[in-house]
Amino acid sequence: MNSFAVTIICILLGLALAVRGLFRPFLGLLVFLAIHFVQPGELVPALAPLRIELVYGVLLVGTLVFKRGAEARSRLLSDRILRGAVLVIAVGVLSVPFAIWQSGAAETVLDMLKLVTLMVMMDLLITSEYRLRSMLWSMAAIGAWFAGSSLFAYYHGDYYHLNYNLGDLDRAEGMNSMVGDPNSLAGLLLALLPLLIALLRTTRNIFVRMLLIACGAVSLLAISLTGSRIAMIGLLAIGIYYALQSKRKVLTFTAALIIACLLWNWMPQTYRQRYLTIQSYAGGGELDASNQVRLEIWKAGQQIFLLHPIIGVGAGQFANAYGMIYLAGRSGDWMQPHNLLIQVTCELGIIGLGVFVYFLWQIAKEIGVVLRQKGKPRLELIYQVGIACSVMYVGVLILSTVGHTLYRPYWYLLGGLVAANKAIAEEKLKASKSVRLDRERPKKSSKKKWHHRHDPTEQTRPLSYAGRTSPEGFVEGAGKTSSQIKFLQGRQT
């Protein structure tokens, strides 16, 4: 079977799932995620004019609004993470009239709206542990696809060639624009790795665990071949984080150390030399050309911010501002900010910085709510997802020190997962409390109760039935049927 036939089969299968997903919105969410990350229009150029992601996203959102519009409005008003994301969009819209290139800023805002819409759909549709686990499997599959396809391309001669002060380096890169450069590929794989670890920790089937371990190993190999130094720092931070929070700290640290040694021994010498420059820079060594350029960009960012401090130069317009304001006619590349703080302050100003910090703070708070449920067996999957989200949060913050991550999917995917995970935890805790209350509530007896009737002439309170008392002060009809009781009543009269 040739590649053309495989492509046709994949297109037909994807079309069938997409149509089915319009009637089953959660399946539609998974299909939309696959479309968003895989970008079929880039892999098959003939599909590009169809704007598959835009068309399917509009249809899916329309279906959700028709079926669950009231719930969506309620969640937007009640969930602080979603509210923060909407405020980020609002600031982006506000920046458009003041942007140095208005149509470019408007296009960037549309991309932001797509990511926030994805986050809202995740919060609305991931409503159970089964769906949460399905989402984790989808993310693991996407990460394995990116890692596997990049390794396949790398070993077939499709890579990014870098020439720097230590020599030549062939760096692995992704198959589409989302991971089109080595740092973007390493960043995405690093962000998705904790979700795979959460699946591994909550899966008992040995064969499934072996499959997940294989997917994780492929991701680690792909990250190492990108030559991304910041991703390698992120991997070290993730290993230390898991060791510190684990119940078996020594065992976890030992396992992380063994994995690091195996990866380092497997790595070609040229990659080891590149990663060892981190130690050189930490000791005050001379920076290479790429890091010197970053310092120059950050100085330019300071100048751009001082000229546009309130609302910035417009969403996605740092590169244009760098060329028009900083270079001002001089020759040179129009550079991206390579830092999240520089990106937010220069493009969205002080207002955008305040709103984005609020958004990140709400994500951190809701992660903390879930992590406080440690030790509850009923919430084991939810707790492990909380751990994964906290690791992802730390990892993306590390990436953001030298990366412009505002319009990449990391923060919005994380926000949707955290919001959905917290909502599932709250529902399970409410259900467990109601069950406990039902168990504690005394059961009502279906038998007819006999009451005491006060008689001051007796030393004890005689029992009564049907308005009559026996001379001895006890119920003569106790333990008898209704016909026997009527017979006794007749005898007394």
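The values are calculated or read from the model by the stated rules, or taken from the named source; none is laboratory data. Small disclaimer: the values here were computed from a predicted structure and weren't measured. Positions of Cβ are generated from backbone atoms using ideal geometry, with glycine treated the same way; all protein chains shown enter the neighbour counts.
Out of Arg408, Arg372, report the one residue that is out of contact with any helix residue (DSSP H, G or I) (no Cβ under 6 Å at 6 or more places or on another chain) and in contact (Cβ under 8 Å) with a residue 24 or more places away in the chain. Walk me through how you get there before you give the answer.
Values: Arg372 fails: in contact (Cβ under 8 Å) with a residue 24 or more places away in the chain.
Going through Arg408, Arg372 in turn, the sole match is Arg408.
Is one or more of the residues making up segment 235-255 closer than 18 Å to Ala144 by Cα, assigned to a helix (DSSP H, G or I), assigned by TED's automatic domain parsing to the domain that holds His156 and not acidic (Asp, Glu)? Don't jump to the end; show me each part of the working.
First pass over segment 235-255, keeping only residues closer than 18 Å to Ala144 by Cα: 235.
Next, from what is left, pick out any that are assigned to a helix (DSSP H, G or I): 235.
If we keep only those that are assigned by TED's automatic domain parsing to the domain that holds His156 as well, we get 235.
Next cut, not acidic (Asp, Glu) only: 235.
Looking for residues that are closer than 18 Å to Ala144 by Cα, assigned to a helix (DSSP H, G or I), assigned by TED's automatic domain parsing to the domain that holds His156 and not acidic (Asp, Glu), one finds at least one in segment 235-255, hence yes.
Can you list residue pairs whose Cβ atoms sit under 7 Å apart, with the first residue in segment 4-28 being closer than 25 Å to Met135 by Cβ and part of a helix (DSSP H, G or I) and the second being of a type in the set (S, T, N, Q) and modelled with pLDDT under 90? Count only pairs 6 or more apart in sequence or on different chains.
Listed by first residue and then by second, the contacts come to Leu22/Thr63; Pro25/Thr63.
For Gly403, are the conditions met, namely being surrounded by 24 or more Cβ atoms within 10 Å (Cβ to Cβ), touching a His at 6+ places or on another chain (Cβ under 8 Å) and in contact (Cβ under 8 Å) with a residue 12 or more places away in the chain? Quick ask: steps written out before the conclusion?
On the way: surrounded by 24 or more Cβ atoms within 10 Å (Cβ to Cβ): yes; touching a His at 6+ places or on another chain (Cβ under 8 Å): yes; in contact (Cβ under 8 Å) with a residue 12 or more places away in the chain: yes.
Here the answer is yes, as Gly403 does meet what is asked.
Would you check if Glu71 is closer than 27 Å to Leu189 by Cα and among the charged types (D, E, K, R)?
No.
Tell me which of these Ser331 doesn't satisfy, since it passes every other one: (1) over 27 Å from Ser184 (Cα atoms); (2) modelled with pLDDT under 90.
If we test Ser331 against (1) over 27 Å from Ser184 (Cα atoms); (2) modelled with pLDDT under 90, just (1) comes out false.
Can you list residue pairs whose Cβ atoms sit under 7 Å apart, with the first residue in segment 330-341 being not assigned by TED's automatic domain parsing to the domain that holds Gln317 and the second being assigned to a loop (DSSP other than H, G, I, E, B)? Count only pairs 6 or more apart in sequence or on different chains.
Once the first residue is not assigned by TED's automatic domain parsing to the domain that holds Gln317 and sits in segment 330-341, no partner that is assigned to a loop (DSSP other than H, G, I, E, B) comes close enough.
Any residue in segment 228-249 that is free of Cβ contacts under 8 Å to residues at least 12 places away in the same chain sitting within a Cβ distance under 8 Å of a residue that is acidic (Asp, Glu)? List the pairs, counting only those 6 or more apart or interchain.
Partner pairs satisfying both residue conditions: none exist.
Out of the residues in segment 318-373 meeting the condition of being charged (D, E, K, R) and in a helix (DSSP H, G or I), tell me which one is surrounded by the fewest Cβ atoms within 10 Å (Cβ to Cβ).
Residue satisfying both the conditions and the ranking: Lys365.
Among Lys114, Lys67, which is the only one that is of a type in the set (Lys, Arg) and either in the same structural domain as Ala16 (by TED's automatic domain parsing) or more than 23 Å from the chain's Cα centre (by Cα) (or both)? Spell out how you get there, then give the answer.
Details: Lys114 fails: either in the same structural domain as Ala16 (by TED's automatic domain parsing) or more than 23 Å from the chain's Cα centre (by Cα) (or both).
So the residue among Lys114, Lys67 that is of a type in the set (Lys, Arg) and either in the same structural domain as Ala16 (by TED's automatic domain parsing) or more than 23 Å from the chain's Cα centre (by Cα) (or both) is Lys67.
Could you check segment 376-411 and list, in sequence order, the residues that are within 10 Å of Ala191 (Cβ to Cβ) and among the hydroxyl-bearing types (Ser, Thr, Tyr)? Spell out how you get there, then give the answer.
Taking segment 376-411 as the starting set, the residues that turn out to be within 10 Å of Ala191 (Cβ to Cβ) are 391-393, 395-396, 399, 405, 408-411.
The answer is Tyr393, Thr405, Tyr410.
Going residue by residue through segment 119-132, is there one that turns out to be crowded, with 19+ Cβ neighbours inside 10 Å and either touching a Cys at 6+ places or on another chain (Cβ under 9 Å) or hydroxyl-bearing (Ser, Thr, Tyr) (or both)?
no
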